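Have a look at the structure below before the remarks.
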Amino acid sequence: MVFQVEDPDYTLSPYTGMTRKHWLAAGRYLLEGVFGNIPGIEDPVVMPRKETKVTYPHLDAPKERQEIERKAEIFEGLTRSFFIASVMIRNEPDIEVCGIRLRDYYKKHILRACTKGDAVYVGNYEDMQASNGYEDPFRAYQQTVESCALVIGLHACREQIWAEYTQEEKDTVAALLSSFGHANTVPQNWRFFNMLDLAFLHQEGYEIDREIMVDHAQAVLSYTVGDGWYRDGQSFDYYSCWAFNLYAPIWNEWYGYENEPYLARRFEENSNQLMRTYPDFFDRDGYTNMWGRSCIYRHAATAPLCANFFLHDPAADPGLARRVASGSLLQFLTRDDFLYQGVPTLGFYGQFTPLVQGYSCAESPLWLGKAFLCLELPAEHPFWTAVENNGTWERLGAEEVKETVLPGPALCFTNHAANGETILRSGKVFKTAQDIHSIWNYGKLNYNTKYPWESTPAPSCESQQYLLFENGAEEPLRGNMTFWCGERDGVLYRRQFFNGNLETEQHWFQAINLADFPVARGILRVDKLRLVKRPVRMTLGSYGFPDNPGADGRATEIIRKEQTLPDGSRAQAVILIGYDHRGVQRQMAMTCYRGWEEMDVIHSSGTNPDSEHSLVISASMQSRKQYDGAEPYLLISQVITAEFPEGDVSGCAFSEEELFPIREIVYEDTYQVGAYGTVAVRLKNGEEKKINFEGIEAAF
């Protein structure tokens, strides 16, 4: 049964009806699913597992490895469920779920996890190294991650659990925390795990190495790139938000303000910078975009919105922060495919294996419990008392688009009032051709809050991605490296290299220059081929479109239209009319101009996280010359979408101007193909965009 907002309060929360009592109800709802799988108070938080080939514990691993992974899974289940349980205990100290008193359960199992010789002992750092044969003196372990989740939970319900331990029991727990807190870690967001372990111990009167603490903190600050974002290793994704900008405010509160005021001030500045633009990362309904790795954590992406209020001088708008957090929560909890035997699936909505990484286990999705840390804020806090507002969405006109450009993390996101969607375009993606999961997670041209990315629907096509086939090859060179070139005059410029490799010069041959800009219901592309080898075949896919039957059993309708421009060139459009999981009608159209030859619709199964069956519109072109010549260089296309929650719309709902927005294309080059100079794209609504790729190589 899906979560329902009972007795909604639309006076305080006009968009979601969600108040503090509903968040408490949502926490109980999730914990009932978890504890429904725990036979009794002696049993650990090990959940039913639907997927067994990708996630750990890996069944084909050596016995020693399986034992290490078993310990990690036990700790992960305990501490990640504790994200939710701890704040529930804080608010209702004697809460029982499925007949188990939560404070008794977690008090017992936290101590057992830290006690050597116990059947559910998870091991300290030295134990892990010994079991690994000391092969890698710098190795880090999953327990470091979970030790941080543990201290966050212990702090949240300190009086109910930590304060009830004897001194000897506290010392047992502290010893394990110190082991991981002072040990090796991964030089990215993991540093905060160590920092919070040490900060908790310091708060409780234990000795810590302050030099290690400062070393971690100054290193974390060196990862900042502006606008509140941090570089997490090579990439940018939600770890900048649900890790860096959640843990930093907690660290400030526990340690930084008192002991390292300069570092604390810088962390606070970064959090407040993020608040200026981060609410616009979500759409009109508060939906979270499926982008980057670990998307099984879902609405944990809203955690920094409440964490900002842990700071001395927060900048977040409390009514907007709660609206976004509640909207994202409902995005998932109201889906009937969200849970598997009561536990969040390893997917974005339902089980979706293409999304899953090998470092996850069945309990990993409970990281989404970070969003529930808002329940640490007292009932009288503005986060709970302010009237919900919808920020940017309340100020946009019916057809307006707001664009936010963040050069540091190379992110551009647009809020589209006409359909309520937020579209993200990223520009620092350096992944190998073999890392197909990363190409899906990071390398799409666009990410849409209402159309989560589709994995490969067919060998010849990827959604929202170019594929290039050289000289009749069956396997494509994948567009796996994307470089940010900045925004000029309302146009975003990027470069993409097919089969790019930073170490091998020959893999820099085939490339495409990207130029795109928002229109009312989507993104219009004016991209330029820069090929060395020809002939090639090229394809471009739309978003994945859910292929669900309507209430009357109707299948997705496919409509084709054409139009001729004044210069005699042909434009063609394919429109899909279908239904999402709620039975709400959706429409999507892809339009192709000069440069593209054919358009097709690919039917697929098991490749879309939103629907078992899906459709992808695919455009294709064939270059027939061996060397560069006067054939078209530009590939012009757009994808637009619409939703009709009030009922069905008969036939295509897009106007001719929306489907075919270009009135004229004016070229500066001699052969009228966009080989050089400026290309002016004049739209029927009177706008003009001038595209010029010269100089974009100056940007990395």
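Does Ala300 meet the test of being in a helix (DSSP H, G or I) and over 16 Å from Tyr451 (Cβ atoms)?
Yes.
Which members of the range 603-658 meet the condition of being polar (S, T, N, Q), modelled with pLDDT of 95 or more and either over 28 Å from the mean Cα position of the chain (by Cα) or not assigned by TED's automatic domain parsing to the domain that holds Pro457 (or both)?
Listed by number, the residues that qualify are Ser620, Ser655.
Considering only residues that are farther than 25 Å from Glu92 by Cα and in contact with a Ser or Thr (Cβ under 7 Å, 6 or more places away or on another chain), which ones fall in the range 153-175?
Matches in the range 153-175: Thr172 only.
Is it the case, given these coordinates, that Ala183 is assigned by TED's automatic domain parsing to the domain that holds Ser240, touching a residue at least 40 places away in the same chain (Cβ under 8 Å), within 28 Å of the chain's Cα centre (by Cα) and surrounded by fewer than 23 Cβ atoms within 10 Å (Cβ to Cβ)?
So Ala183 fails the test.
Tell me, yes or no, whether the range 144-151 has at least one residue that is within 16 Å of Leu375 (Cβ to Cβ) and modelled with pLDDT of 95 or more.
yes
State yes or no: is Phe192 in contact (Cβ under 8 Å) with a residue 40 or more places away in the chain and under 28 Å from the mean Cα position of the chain (by Cα)?
Yes; evaluated as a whole, the condition is true for this residue.
Does Pro93 meet the test of being within 26 Å of Cys374 (Cβ to Cβ) and outside any strand (DSSP E or B)?
Against the criterion (within 26 Å of Cys374 (Cβ to Cβ) and outside any strand (DSSP E or B)), Pro93 qualifies.
For the range 681-694: of the residues being assigned to a loop (DSSP other than H, G, I, E, B) and either outside the structural domain of Leu514 (by TED's automatic domain parsing) or in contact with a helix residue (DSSP H, G or I) (Cβ under 9 Å, 6 or more places away or on another chain) (or both), which is surrounded by the most Cβ atoms within 10 Å (Cβ to Cβ)?
Ranking the candidates gives Lys684 first.
Quick one: which residue in Ala130, Ala72, Ala119 is without any contact (Cβ under 8 Å) to a residue 12 or more places away in the chain and outside any loop (DSSP other than H, G, I, E, B)?
Among Ala130, Ala72, Ala119, only Ala130 is without any contact (Cβ under 8 Å) to a residue 12 or more places away in the chain and outside any loop (DSSP other than H, G, I, E, B).
Among the strands (runs of 3 or more DSSP E) lying completely within the range 451-553, list those that include at least 1 residues that are farther than 17 Å from Ala433 by Cα.
Because the criterion is at least 1 residues that are farther than 17 Å from Ala433 by Cα, the strands (runs of 3 or more DSSP E) in the range 451-553 that meet it are 477-488, 491-498, 511-519, 522-530, 536-541.
From Gly347, Gly369, grab the single residue that is under 15 Å from Val54 (Cβ atoms) and in contact with a helix residue (DSSP H, G or I) (Cβ under 9 Å, 6 or more places away or on another chain).
Gly347
Can you tell me which residue in the range 320-364 is farthest from Arg395 (Cα to Cα), limited to those that are of a type in the set (A, V, I, L, M, F, W, C) and part of a strand (DSSP E or B)?
Within the range 320-364, the match that is farthest from Arg395 (Cα to Cα) is Val343.
Tally up the residues in the range 480-528 that are of a type in the set (Ser, Thr, Tyr) and closer than 17 Å to Ser426 by Cα, please.
Qualifying residue count, the range 480-528: 2.
Residues are listed down the side, and each one gets a yes or a no for (1) assigned by TED's automatic domain parsing to the domain that holds Cys148; (2) in contact (Cβ under 8 Å) with a residue 40 or more places away in the chain; (3) farther than 30 Å from Tyr349 by Cβ:
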site	(1), (2), (3)
Glu258	yes, no, yes
Arg266	yes, yes, yes
Phe281	yes, yes, no
Ser294	yes, yes, no
His299	yes, yes, no
Cys306	yes, yes, no
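Tell me whether the range 244-264 contains one or more residues that are within 25 Å of Asn419 (Cβ to Cβ) and in a helix (DSSP H, G or I).
Scanning the range 244-264, I find no residue that is within 25 Å of Asn419 (Cβ to Cβ) and in a helix (DSSP H, G or I), so the answer is no.
Looking at Trp393, is it assigned to a loop (DSSP other than H, G, I, E, B) and surrounded by 22 or more Cβ atoms within 10 Å (Cβ to Cβ)?
The answer is no for Trp393.
Only one of these is assigned to a helix (DSSP H, G or I), more than 29 Å from the chain's Cα centre (by Cα), more than 22 Å from Phe83 (Cβ to Cβ) and of a type in the set (D, E, K, R): Glu207, Glu168. Name it.
Glu168
Quickly run through the range 279-289 and pick out the residues that are part of a helix (DSSP H, G or I) and over 13 Å from the mean Cα position of the chain (by Cα).
Pro279, Asp280, listed by residue number.
Please state which one of Thr678, Thr641, Thr607, Thr670 is β-branched (Val, Ile, Thr) and touching a helix residue (DSSP H, G or I) at 6+ places or on another chain (Cβ under 8 Å).
Thr607
Taking the range 515-574 only, how many residues are under 28 Å from the mean Cα position of the chain (by Cα), of a type in the set (A, V, I, L, M, F, W, C) and within 20 Å of Ile662 (Cα to Cα)?
8
On the given criteria, is Leu346 under 21 Å from the mean Cα position of the chain (by Cα) and surrounded by 24 or more Cβ atoms within 10 Å (Cβ to Cβ)?
Criteria met by Leu346.
Answer with yes or no whether Ala551 is small (Gly, Ala, Ser), within 21 Å of Pro457 (Cβ to Cβ), surrounded by fewer than 17 Cβ atoms within 10 Å (Cβ to Cβ) and modelled with pLDDT under 95.
When the stated conditions are applied, Ala551 does not pass them.
The values are calculated or read from the model by the stated rules, or taken from the named source; none is laboratory data. Predicted, not measured: the structure shown is a model, and the values here were computed from it. All Cβ positions, even for glycine, are placed from backbone atoms using ideal geometry, and neighbour counts span all protein chains on display.
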